[in-house]
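Since the structure comes first, as structure tokens, the remarks are kept for the end.
The values are calculated or read from the model by the stated rules, or taken from the named source; none is laboratory data. Bear in mind the structure is a predicted one, so any value in this text is a computation, not a measurement. We place every Cβ from the backbone using ideal geometry, glycine too, and count neighbours over all the protein chains shown.
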Amino acid sequence: MFGEHASFIIPSYIISFVAIVGMTIYIIAQHKLRKAELKRLEESGIKRRADNG
Amino acid sequence: MTTETIKPSIWAFANPTRFNTFASKAIPVLAIITFALLAVGLWMSFNAPEDYQQGYTVLIMFIHVPAAWLAMMSYAVMSASAIGTIVWRHPLANVSLRSAAPLGAMFTILALATGSLWGKPMWGTWWEWDARMTSVLVLLIIYLGLIALSKAFDEPSEAALPLAVMTLTGAPLLPIIKFSVDWWNTLHQPASVSRFDRPAMSAEFLYPLLIMALAYTAIFFTLHMMAMRNEILSRRIRTMKMQAARKQSSKGAA
Amino acid sequence: MKLIIEKLNLNRASQEIVSNISFELSAGEALIVTGENGSGKSTTLRGIAGLMPLNDGSIRLLDETGKQFEGEVREYCHYLGHQNGMKPALTVRENLDFWQKFCGEPDLSIEEALDEVDLAHTIDLPFSYLSAGMKRRVSIARLLVSDRPIWILDEPTAGLDAQSVKMFTELCKNFCEGGGILIAATHLPLGIETERTLEIKASN
Amino acid sequence: MLALLKREILLSIRAGGGALTGVLFFLAVVSVFPFAVGPDTKLLSHLAPAILWIGALLASLLGLDKLFAQEREDGSLDLLVMQPHPLAITIFIKALAHWTMTGLPLVVATPMFGIMLNLSPLGIGATMITLLAGTPAISFIGAVGAAVSVKLPRGSMLISVLVLPLVIPILIFGVAAITGALEDPAPFTAPFLFVCAITLFTSVLGPLAASIMLRHSAD
């Protein structure tokens, strides 16, 4: 498949795929992390106020 | 007292909050469009006939050229955001600028990598100081410099203006760089014909290329919106942490 | 001449530092800004001097007929911050000469200004040779070499001994009597008749 | 404004002699090349325009980190920004003073280095003219780099990374003009005019961009 230059064509598709999918996964992971941290902060924030009162 | 402390954060995040609500709805739609375009584009690319000159390597073009276009479009998006930062001081503009830079760098690296993989069978070397490859390399250095600048500040809001000013300074210089590199290239290699310059492209290559370019554009906007949402969240976390710290310290003082 | 500050609101690193400060000062009046450390005194002064973007509010300078002065208010101000704004490698004369020429509107000559702060003998010494208190006095002399109707002073007496403080309050008095507007962040009153005090509290 | 120029020049003469350091750095860069390339005079004279330009480019980046950061440290920046003068003009003068103390000495020193690199008199003349026309642009773009990193304590590396890619056109046309003067078919006028045009363009763009930055660089 893809003739004599397959060893160039396939890697270039793999590289592009890995980079774009990798970036997407990274961004999604960051999103999850931040959502979790925000939740944690909100919960601890409520606790702190409870301590005060 | 409490209302006073809450007021600035609400003011500062009114628009970003609205943006996040909008983004949550828009991202799935954009993702679907991206997948559809990508599927069609790839299907058309792999069904394109073998080029009589380049053989199957023309397949690399379908991902190389869109990456190179997106590398430039990212800079255009960043410049527009930079104007937003300078003229309207809109917090979202800075979020957009910061989020676009790594994406631009990614597409630039992809353009260079696929260009190199395309060049090897064509030129016989992995790297040729070809006019386009060289300009893209300079663009990569500019992207990396801007990313370094954005990371150099402790406080993200302090990086907003420096980043915007540097981005906008680069914008009018980019065409000059491109022009000078082209000029330099013809000066030193008058005989070499750039492989990427094809006088006329037949429709069987043009359509898959255009669809792939649209797919890449959709990838950019999807990821950009997702990255912007992340940036807004991380700022909110930062503000909350700072407020908590301040509350703690004022408690200690009292 | 009247300086009108309305609803001044300043941010620093996207946190509100100063909120809703309003006051009016007429020619000859002085305002002493007080408050604890970190309450936003410096930020307020920098805001009035045009060195911070205003989040909200306005700063206006009107003449007797109520007409606004041309240009920005900062162009009518002398600002003395925490730093002296002098180059250690240059002599006292070179430093003051530069600021006089660069600011324009020459008032006292450099010799006269240095006389006022009792530093006439240091005129040809490099600025780096001076002690901290003398450096501060040179930067006070800077206020005298160019004419500006508004002085904005941030801790002007930092590092000054009792005698120099007395000399400095005398200068401030003269300035106000001559129709100047003075805004200073300082712990001690300047003893000016028209003096008022504004206490800034941390906004959170 | 003349007072500012005078002060800047006085400062760079007094404080560690910025002008001399630049030339010294230029000398160091130029004399390192033969060690890397070999003492082949023919090769060296062929490479001379490139060596001189790269040396000048790197030397021009010296001291950019201090251009505004030092003013900010000692409080002068606040006072410079407050005055009625257009801020872009103030920055233009500061950049010009930076060039006078880094770029201009290199132009003057070029004949000596040109002889060392076996460059012909015509080549030396062409190098001097292109350096004279081109190095100001480095200071003007450098002013933007200096302005955006004014708050960063160790900004000098970052400034170089930000500024170098933007001054590539100057390097290309500068060296091309010298080659054009030396070798017959290649043109001299066209690249030289490009150098001049870029310098003029950046003399407006650089100070304007830097002034936007410094005007709003709230502390």
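Would it be correct to say that D:Leu122 is surrounded by fewer than 24 Cβ atoms within 10 Å (Cβ to Cβ), within 28 Å of D:Asp40 (Cβ to Cβ) and out of contact with any strand residue (DSSP E or B) (no Cβ under 8 Å at 6 or more places or on another chain)?
yes
So which residues in region C:1-46 are without any contact (Cβ under 8 Å) to a residue 60 or more places away in the chain, within 13 Å of chain B (Cβ to nearest Cβ) and on the phi < 0 side of the Ramachandran plot, if there are any at all?
Once the filter is applied, which keeps residues that are without any contact (Cβ under 8 Å) to a residue 60 or more places away in the chain, within 13 Å of chain B (Cβ to nearest Cβ) and on the phi < 0 side of the Ramachandran plot, region C:1-46 yields C:Asn9, C:Leu10, C:Asn11, C:Arg12, C:Gln15, C:Asn37.
Of all residues being among the aliphatic types (A, V, I, L, M) and surrounded by fewer than 20 Cβ atoms within 10 Å (Cβ to Cβ) in region D:181-192, which is modelled with the lowest pLDDT? Just the residue, please.
Per the stated criteria, the residue is D:Ala186.
Going through region C:53-109 one residue at a time, which ones are charged (D, E, K, R), surrounded by fewer than 20 Cβ atoms within 10 Å (Cβ to Cβ) and at the interface with chain D (Cβ under 9 Å from one of its Cβ atoms)?
If the condition is that a residue be charged (D, E, K, R), surrounded by fewer than 20 Cβ atoms within 10 Å (Cβ to Cβ) and at the interface with chain D (Cβ under 9 Å from one of its Cβ atoms), then C:Glu72, C:Glu75, C:Asp97, C:Lys101 are the ones that fit.
Which of the residues that make up region C:171-189 are in contact with a helix residue (DSSP H, G or I) (Cβ under 9 Å, 6 or more places away or on another chain), modelled with pLDDT under 90 and under 18 Å from C:Gly133 (Cβ atoms)?
C:Leu188
Just the residues that are within 13 Å of another protein chain (Cβ to nearest Cβ), of a type outside the set (Asp, Glu), touching a residue at least 60 places away in the same chain (Cβ under 8 Å) and buried (at least 22 other Cβ atoms within 10 Å of the Cβ), please, taken from region D:54-76.
Result: D:Phe68, single match.
For region A:32-41, does any single residue satisfy the condition of being at pLDDT 90 or above and surrounded by 16 or more Cβ atoms within 10 Å (Cβ to Cβ)?
Yes, some residue in region A:32-41 is at pLDDT 90 or above and surrounded by 16 or more Cβ atoms within 10 Å (Cβ to Cβ).
Here are some residues: B:Pro172, B:Pro162. Which one is facing chain D (nearest Cβ under 9 Å) and more than 24 Å from B:Ala227 (Cα to Cα)?
That would be B:Pro172, the only listed residue that is facing chain D (nearest Cβ under 9 Å) and more than 24 Å from B:Ala227 (Cα to Cα).
Going through B:Thr108, B:Thr17 one at a time, which residue ends up being within 12 Å of another protein chain (Cβ to nearest Cβ), among the polar types (S, T, N, Q) and either under 30 Å from B:Ala152 (Cβ atoms) or not in a helix (DSSP H, G or I) (or both)?
On inspection, the qualifying residue turns out to be B:Thr108.
Count, please, the residues in region B:27-72 that happen to be surrounded by fewer than 19 Cβ atoms within 10 Å (Cβ to Cβ), among the aromatic types (Phe, Trp, Tyr) and either in contact with a strand residue (DSSP E or B) (Cβ under 8 Å, 6 or more places away or on another chain) or over 23 Å from B:Gly104 (Cα atoms) (or both).
Total satisfying the criteria: 3.
Over 22 Å from D:Ser217 (Cα atoms) and out of contact with any Lys or Arg (no Cβ under 8 Å at 6 or more places or on another chain): is that true of C:Lys2 in this structure?
yes
So which of D:Val161, D:Val144, D:Val150, D:Val195 ends up being in contact (Cβ under 8 Å) with a residue 24 or more places away in the chain and surrounded by fewer than 23 Cβ atoms within 10 Å (Cβ to Cβ)?
Every option except D:Val150 fails the conditions.
Yes/no matrix, rows are residues, columns are (1) at pLDDT 90 or above; (2) out of contact with any Leu (no Cβ under 8 Å at 6 or more places or on another chain); (3) in a helix (DSSP H, G or I):
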residue	(1), (2), (3)
B:Gly145	yes, no, yes
B:Ala200	no, yes, no
B:Pro208	no, yes, yes
B:Ala218	yes, no, yes
B:Met228	yes, no, yes
B:Ala245	no, yes, yes
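Name the residue that is farthest from D:Pro165 (Cα to Cα), counting only residues in region B:137-159 that are buried (at least 24 other Cβ atoms within 10 Å of the Cβ) and at the interface with another protein chain (Cβ under 7 Å from one of its Cβ atoms).
The extreme case among them is B:Leu149.
Got at least one residue in region B:56-75 being of a type in the set (Val, Ile, Thr), within 14 Å of chain A (Cβ to nearest Cβ), closer than 19 Å to B:Pro156 by Cα and touching a residue at least 40 places away in the same chain (Cβ under 8 Å)?
Scanning region B:56-75, I find no residue that is of a type in the set (Val, Ile, Thr), within 14 Å of chain A (Cβ to nearest Cβ), closer than 19 Å to B:Pro156 by Cα and touching a residue at least 40 places away in the same chain (Cβ under 8 Å), so the answer is no.
Of the numbered conditions (1) farther than 24 Å from B:Ser96 by Cβ; (2) more than 9 Å from every other protein chain (Cβ to nearest Cβ), B:Pro121 satisfies every one except a single condition; which is it?
(2)
In the set B:Phe46, B:Phe22, B:Phe13, B:Phe35, which member is closer than 15 Å to B:Met228 by Cα, at pLDDT 65 or above and not β-branched (Val, Ile, Thr)?
Details: B:Phe46 fails: closer than 15 Å to B:Met228 by Cα; B:Phe13 fails: at pLDDT 65 or above; B:Phe35 fails: closer than 15 Å to B:Met228 by Cα.
The conditions single out B:Phe22.
Name the residue, out of D:Ile178, D:Ile129, D:Ile172, that is facing another protein chain (nearest Cβ under 9 Å), under 26 Å from D:Leu43 (Cβ atoms), aliphatic (A, V, I, L, M) and surrounded by 19 or more Cβ atoms within 10 Å (Cβ to Cβ). Don't jump to the end; show me each part of the working.
On the way: D:Ile178 fails: facing another protein chain (nearest Cβ under 9 Å); D:Ile129 fails: facing another protein chain (nearest Cβ under 9 Å).
Within the list D:Ile178, D:Ile129, D:Ile172, the selection yields D:Ile172.
Identify the residue in region D:132-154 that is among the β-branched types (Val, Ile, Thr) and within 14 Å of chain B (Cβ to nearest Cβ) and, among all such residues, is nearest to the chain's Cα centre (by Cα).
Going through the qualifying residues, I end up with D:Ile138.
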